1. Quick check on my filter: what residues within region 193-228 are of a type in the set (S, T, N, Q) and either exposed (fewer than 14 other Cβ atoms within 10 Å of the Cβ) or in contact with an Asp or Glu (Cβ under 7 Å, 6 or more places away or on another chain) (or both)?
2. Can you pull out the residues in region 201-216 that are of a type outside the set (Ser, Thr, Tyr) and either touching a Lys or Arg at 6+ places or on another chain (Cβ under 9 Å) or not in a helix (DSSP H, G or I) (or both)?
3. Given the conditions (1) outside any helix (DSSP H, G or I); (2) at negative phi, report the number of the one that Glu198 does not fulfil.
4. Considering each of Ala12, Ala45, Ala55 in turn, give the residue that is over 19 Å from the mean Cα position of the chain (by Cα) and of a type in the set (A, V, I, L, M).
5. Can you find, within region 36-46, the residue that is farthest from Gly143 (Cα to Cα) among those that are in contact (Cβ under 8 Å) with a residue 60 or more places away in the chain and in a helix (DSSP H, G or I)?
6. Name the residues in region 1-39 that are modelled with pLDDT of 95 or more and of a type in the set (Ser, Thr, Tyr), would you?
7. Might you check whether a residue that is of a type in the set (A, V, I, L, M) and either touching a residue at least 12 places away in the same chain (Cβ under 8 Å) or surrounded by 15 or more Cβ atoms within 10 Å (Cβ to Cβ) (or both) occurs anywhere in region 14-29?
8. Is there a residue in region 63-72 that is loosely packed, with under 15 Cβ neighbours inside 10 Å and in a loop (DSSP other than H, G, I, E, B)?
Amino acid sequence: MLVSNHSYSIAAGWIPYGQTEPNNWWWIGGDGDEDPNFGYYDAEAQALDQIANLAPYYLIVKAAGNDRWDIGPAQDEEYTIVDQNGQSQGTSTDLRPADCGQTGYDCLPGSVVAKNILTVGAVNDVNGGYLPLQGPASVQMTGFSSYGPTDDGRIKPDLVANGWLLLSTWGEPNYFAVIAGTSMAAPSVAGSLLLVQEHYEDMHGSDDFMRAATLKALAIHSADETGAADGPSRATAGGR
């Protein structure tokens, strides 16, 4: 296997359980005001890096998460406190800030902070393509895509892709749906990079592929510039 896509991450902070349910917000962040899992290099992140180290041609592509739109309940509104297994620990009305706090940063959940994987955030569709006259200004972040940095200061996500209102496969009855999320951005990157590997093999001979680190670096350093300032940012990283 050369590339795999992982459109999921651990639950962290606020979870919108459903607008038709009582106590429709869940808090899974422990006793504090901020979930310590945001930005934290946990055991799963370490395991992903170990896999990447043992399989140097295998690139793991992971969605950054959608926590910037998890604002939590209104003041005095009751919510349910749950543990990491989803088991209820009671209810509360204590005021806690939205995921990502006031700044919008530091809300990458769990294993997406692994160093040797490719973490993908989501931007809005760029109508008409990346325009030379507008350049970085033509790329706008979605309101939900999780920002870095990691707790140890590394820039994540690594790059961004369109994750807004994309046609995707779905369950019954229609089998297709229009969906938004970093879960839509990550697979488009994974599929594109696999095509790059296929082209590399065509150019260099059968079973001759780039190492995952080379492919990751190529993706980051060939991405279009995004954001108001030159260079990588803690929101859009290396670009799109």
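1. Ser206, Ser222
2. Passing the criteria: Gly205, Asp207, Asp208, Phe209, Met210, Arg211.
3. Condition not satisfied by Glu198: (1).
4. Ala55
5. First, pick out the residues of region 36-46 that are in contact (Cβ under 8 Å) with a residue 60 or more places away in the chain: 37-42, 44-46.
Among the residues that remain, those that are also in a helix (DSSP H, G or I) are: 44-46.
On the way: Glu44: 27, Ala45: 25, Gln46: 29 Å.
Per the stated criteria, the residue is Gln46.
6. Once the filter is applied, which keeps residues that are modelled with pLDDT of 95 or more and of a type in the set (Ser, Thr, Tyr), region 1-39 yields Ser4, Ser7.
7. yes
8. At the first step, the residues of region 63-72 found to be loosely packed, with under 15 Cβ neighbours inside 10 Å are 71.
Add one more test, that the residue is in a loop (DSSP other than H, G, I, E, B), and what stays is 71.
The answer is yes, given that some residue of region 63-72 is loosely packed, with under 15 Cβ neighbours inside 10 Å and in a loop (DSSP other than H, G, I, E, B).
The values are calculated or read from the model by the stated rules, or taken from the named source; none is laboratory data. Here the structure is a predicted model, which is why all the values come from computation and not from measurement. For neighbour counting, all protein chains shown are included, and Cβ atoms are generated from backbone atoms with ideal geometry for every residue, glycine included.
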